[in-house]
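The values are calculated or read from the model by the stated rules, or taken from the named source; none is laboratory data. Please read all numbers here as calculations on a predicted model, not as lab measurements. Cβ atoms come from the backbone with ideal geometry, glycine included; neighbour counts cover every protein chain shown. For accessibility, only protein heavy atoms count, side chains too; no ligands or nucleic acids. Shrake-Rupley method; radii C 1.70, N 1.55, O 1.52, S 1.80 Å.
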Amino acid sequence: MREMVRTLGKRSGLKFNDYQLFDMLFSEYGGHPHLTRRACSVITDAIHASEQGVVPYPVTTSDVQRAFAAGGESSPSAIATQTLRAFSRWYPDEADRVAEVIETGVPYAERKAISHAVDFGICSEDGSLRMGALTRRG
C-alpha cells in the first residue's frame, strides 16, 4: 500500500513524507486499494481547489483527516459502506458477526466464522476490525 500511495501520489503532485500518514490510511481503509486511492484523490482535489501551487505538495495529517471526513456518494467512507453492504448481501451470517465487531469494538474470537470478512479486508486475522472507516458510517 505504501508503494502504491507514493507512486500514484507522485504522479498527482503529492508527497507523503511521514510514515504516520501511511499508518493512518491503513488503519482507516485496512489496505483496501480502491479506498486508499480514493482518499488520495480527495486530497488531490482539495489541493487543486485551493490552488496551493506547491508541487510536490507535502501531505499533512490534516489533509488525510479531511479525506476521512469527506462526504458524498463517491467519498471513501461511502465506498467503505458500500463494500460492507455488498459483503452483507453475499455473506449474511458473517455480516451479523461483523456488525457486532463494528458496534462493540471487540474482536470476533472464531476466525473461521468470519473468514470472508478477513478476505474482504474488513476484519483482521485476529477478528478485530481492520477497516476503521466503517465506524464512521452513520
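Would you confirm whether any residue within segment 48-62 is open to solvent by 70 Å² or more (accessible area, probe 1.4 Å), closer than 26 Å to residue 124 by Cα and either in a helix (DSSP H, G or I) or acidic (Asp, Glu) (or both)?
no
Under 7 Å between Cβ atoms, which residue pairs at least 6 apart in sequence (or on different chains) link something in segment 101-128 that is among the small types (Gly, Ala, Ser) with a partner that is exposed (fewer than 14 other Cβ atoms within 10 Å of the Cβ) and modelled with pLDDT of 90 or more?
127/109
Based on what the data block shows, is residue 75 without any contact (Cβ under 8 Å) to a residue 24 or more places away in the chain, closer than 21 Å to residue 5 by Cα and hydroxyl-bearing (Ser, Thr, Tyr)?
It is false that residue 75 is without any contact (Cβ under 8 Å) to a residue 24 or more places away in the chain, closer than 21 Å to residue 5 by Cα and hydroxyl-bearing (Ser, Thr, Tyr).
So which residues in segment 16-45 are charged (D, E, K, R) and surrounded by 15 or more Cβ atoms within 10 Å (Cβ to Cβ), if there are any at all?
Passing the criteria: 28, 37, 38.
Would you be able to tell me the number of residues in segment 69-114 that are open to solvent by 70 Å² or more (accessible area, probe 1.4 Å), hydrophobic (A, V, I, L, M, F, W, C) and not in a helix (DSSP H, G or I)?
Counting residues in segment 69-114 that are open to solvent by 70 Å² or more (accessible area, probe 1.4 Å), hydrophobic (A, V, I, L, M, F, W, C) and not in a helix (DSSP H, G or I) gives 2.
Residues being over 14 Å from residue 85 (Cα atoms) and either within 19 Å of the chain's Cα centre (by Cα) or of a type in the set (Val, Ile, Thr) (or both): count how many of those fall in segment 100-120.
Qualifying residue count, segment 100-120: 9.
Please verify whether segment 1-14 includes one or more residues that are at pLDDT 90 or above, in a helix (DSSP H, G or I) and of a type outside the set (Lys, Arg).
No, the conditions are met nowhere in segment 1-14.
Looking for whichever is modelled with pLDDT of 85 or more and either within 13 Å of the chain's Cα centre (by Cα) or charged (D, E, K, R) (or both) here; the options are 30, 72. Which one fits?
30
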